[in-house]
Amino acid sequence: MAAAVAASGSGTPREEEEPGGEAATSQPQVPTNASGARGARLSRLPLARVKAWVKAAPDVTLAGQEAIFILARAAELFVETIAKDAYCCAQQGKRKTLQRRDLDNAIEAVDEFAFLEGTLD
């Protein structure tokens, strides 16, 4: 089965014919890192820290591990996106180092970041 997933290249399991002619639904595979070893880190943010952030919200009583992971991944994507936009602002100023004004410029330039206006003051 693992060979079928690896051969498909998509990393998603697919149905495979068993010797009896019936299609077997495959179970989700544990993601692996580039060397094929199990236990690859799925999130770059520490999940314990994300869980602490979630628990700090007064209206949250319980949060499952899947929810914590999804929030961690969303935070990673958000930071990556705003960092790329801020880096573009730095490049326009012919610099490689991000400065606060680059974040301010990215927040003003991109509509999706409008909710952040005034938060860095």
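The values are calculated or read from the model by the stated rules, or taken from the named source; none is laboratory data. Computed from a predicted model, the values in this text were never measured in an experiment. No Cβ is skipped: glycine too gets one built from the backbone with ideal geometry, and neighbour counts run over all protein chains shown. To get the accessible areas, we keep the full protein, side chains included, count just its heavy atoms, and leave off ligands, DNA and RNA. Shrake-Rupley method; radii C 1.70, N 1.55, O 1.52, S 1.80 Å.
For the stretch 84-100, a residue qualifies if it is open to solvent by less than 90 Å² (accessible area, probe 1.4 Å) and of a type in the set (Lys, Arg), and exactly one does: 95.
Under the condition of being in contact with a helix residue (DSSP H, G or I) (Cβ under 7 Å, 6 or more places away or on another chain) and free of Cβ contacts under 8 Å to residues at least 24 places away in the same chain, the residues counted in the stretch 53-80 number 5.
Taking each residue of the stretch 81-95 that is closer than 15 Å to residue 110 by Cα and touching a residue at least 12 places away in the same chain (Cβ under 8 Å) and looking for partners that are surrounded by 12 or more Cβ atoms within 10 Å (Cβ to Cβ) and among the hydroxyl-bearing types (Ser, Thr, Tyr) with beta-carbon atoms closer than 6 Å, six or more apart or interchain, yields nothing.
Taking the criterion of being among the hydrophobic types (A, V, I, L, M, F, W, C), loosely packed, with under 11 Cβ neighbours inside 10 Å and either in contact (Cβ under 8 Å) with a residue 24 or more places away in the chain or not in a helix (DSSP H, G or I) (or both), the only residue of the stretch 101-121 that qualifies is 120.
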